[in-house]
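Notes follow the structure.
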Amino acid sequence: MTSFRPVEDKAWNYVRPLPATTPYISMVPQGNDTFECVVLDGLPSKVVSNHDDPPNSFKTSDLFSPHPTIYSAWKYLGRLDDRVTLVNGEKVLPVPYEHQVRQSELVREACVFGVGRAFPGLIIVPSEHAMGMSKEQILESLSSVVQAANSRVEAFSQISLDMVRILDVGADYPCTDKGTMIRAAFYKKFESLINSTYEEFEAPRAEGTTGGLALEIPEMKSYLEAIFIKSLELEALSDTADFFEMGVDSLQAIAVRASIMRELDLGSKPLGQNVVFEYPNIAALASHLYSLRTGSEVQQSDEIEVMQELIRKYSTFTPHTPGPAVVDGETIVSCSSEFDSNYILTCC
């Protein structure tokens, strides 16, 4: 590709395939208006192949976005293999997310972090357009941008606003001569900020968790109900309604956990990262949080009993005795159950 273009073409930061190479370049969609450049078989300068779809092709792992009006003009975004692997093995693709956030005039650069962690975070380098704004004001202005980026990715890739950090306007960060962020060097330079972000988000208060609200179970239920109603935009939520059947996703679970740690007295006890998943309704979660502060034991259902109850609940079937029918010398066996469809087996 080349940046050579007609005089009237002012899109200097977009490259175009050379005429001789155009038939051998395929831009494969990767989501969120990003495309990977794949070199097809037949290009004289392609000496190796690394993929068979299409046959003998070469996947470059380079990501581009198309110009909105100029045909076959592409802006380089970064590498497809710049992935953030979480502690559970899920792989977050940061480039499309960062590209989405970078569309705001308040953002000069954005970097997703979270390698080896339970969930990702985001560092934003503000542009000169944010001059005179506080970091809180910048984050508030960018909240809709972050939410829009979250709506385009999988649940495990979504980033809570509590995990977004704003640098100073004009902050120096590792980048190439072309201005492309150098990810590994960026992580190293801001390692202490990344670590402190997780410590602030995950750990109890610096002086334990005895400085927050000390609620009894009825008050605790009301507190949790208010949080989840606001998160889910519901009018009401019963004590036994399953959070995830009601639509709670992993990002909301993370945000709820963060609120609990900031606002409640947990008796200096650590709060598990998956606490909302482990206690998936208001009654169970309230009892657990109360037990952390008071040291009391909460009676939990035995796992074996729960499984046996599920078996009893879902193992009742309506008896059915199918009878064979003969049509034109063929035997047709019709099997029906609680399903809506009939399955027909025809034997000669």
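Find the residue count for the range 77-109, including only residues that are farther than 17 Å from Ala155 by Cβ and open to solvent by less than 80 Å² (accessible area, probe 1.4 Å).
Pass one, the range 77-109, residues farther than 17 Å from Ala155 by Cβ: 77-82, 95, 98-99, 101-109.
Filter once more, keeping what is open to solvent by less than 80 Å² (accessible area, probe 1.4 Å): 77-80, 82, 95, 98-99, 101-102, 104, 106-107, 109.
The qualifying residues number 14.
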Any idea which of Arg79, Arg108 is among the charged types (D, E, K, R) and at pLDDT 90 or above?
Arg108
Consider Ser72 carefully, then state whether it is at pLDDT 90 or above, among the hydroxyl-bearing types (Ser, Thr, Tyr), within 21 Å of Arg165 (Cβ to Cβ) and more than 14 Å from the chain's Cα centre (by Cα).
no
Against the condition assigned to a helix (DSSP H, G or I) and touching a Ser or Thr at 6+ places or on another chain (Cβ under 6 Å), how does Val101 come out, does it pass?
no
Being outside any loop (DSSP other than H, G, I, E, B) and among the hydroxyl-bearing types (Ser, Thr, Tyr) is the filter; apply it to the range 138-168 and report the residue that is modelled with the lowest pLDDT.
Ser157
Filtered residues of the range 172-186 (kept if open to solvent by less than 70 Å² (accessible area, probe 1.4 Å) and charged (D, E, K, R))
Arg183
Pairs, first in contact (Cβ under 8 Å) with a residue 40 or more places away in the chain and at positive phi in the range 161-178, second of a type in the set (Val, Ile, Thr) and not in a helix (DSSP H, G or I), C-beta under 8 Å, six or more apart
none
Where a residue in the range 291-309 is under 16 Å from Pro218 (Cα atoms) and its partner, wherever it lies, is modelled with pLDDT under 70 and surrounded by 10 or more Cβ atoms within 10 Å (Cβ to Cβ), with Cβ under 7 Å and at least six apart
Ser291/Val298
Within the range 221-228, can one find any residue that is among the aromatic types (Phe, Trp, Tyr) and within 15 Å of Tyr290 (Cβ to Cβ)?
yes
Tell me which of these Glu136 doesn't satisfy, since it passes every other one: (1) free of Cβ contacts under 8 Å to residues at least 12 places away in the same chain; (2) of a type in the set (Asp, Glu); (3) closer than 24 Å to Tyr76 by Cβ.
(3)
Apart from one, (1) over 20 Å from the mean Cα position of the chain (by Cα); (2) open to solvent by less than 50 Å² (accessible area, probe 1.4 Å); (3) at pLDDT 85 or above all hold for Thr209; the odd one out is (3)
Search result, residues across the range 108-125 that are part of a strand (DSSP E or B) and within 17 Å of Ile194 (Cα to Cα)
Glu109, Ala110, Cys111, Val112, Phe113, Gly121, Leu122, Ile123, Ile124, Val125
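The values are calculated or read from the model by the stated rules, or taken from the named source; none is laboratory data. For clarity, every value in this text was computed on a predicted model and none was experimentally measured. Because the Cβ atoms are built from the backbone with ideal geometry, glycine has one as well, and the counts that use them run over all protein chains shown. Ligands, DNA and RNA are excluded from the accessible area calculation, which covers all protein heavy atoms including side chains. Shrake-Rupley method; radii C 1.70, N 1.55, O 1.52, S 1.80 Å.
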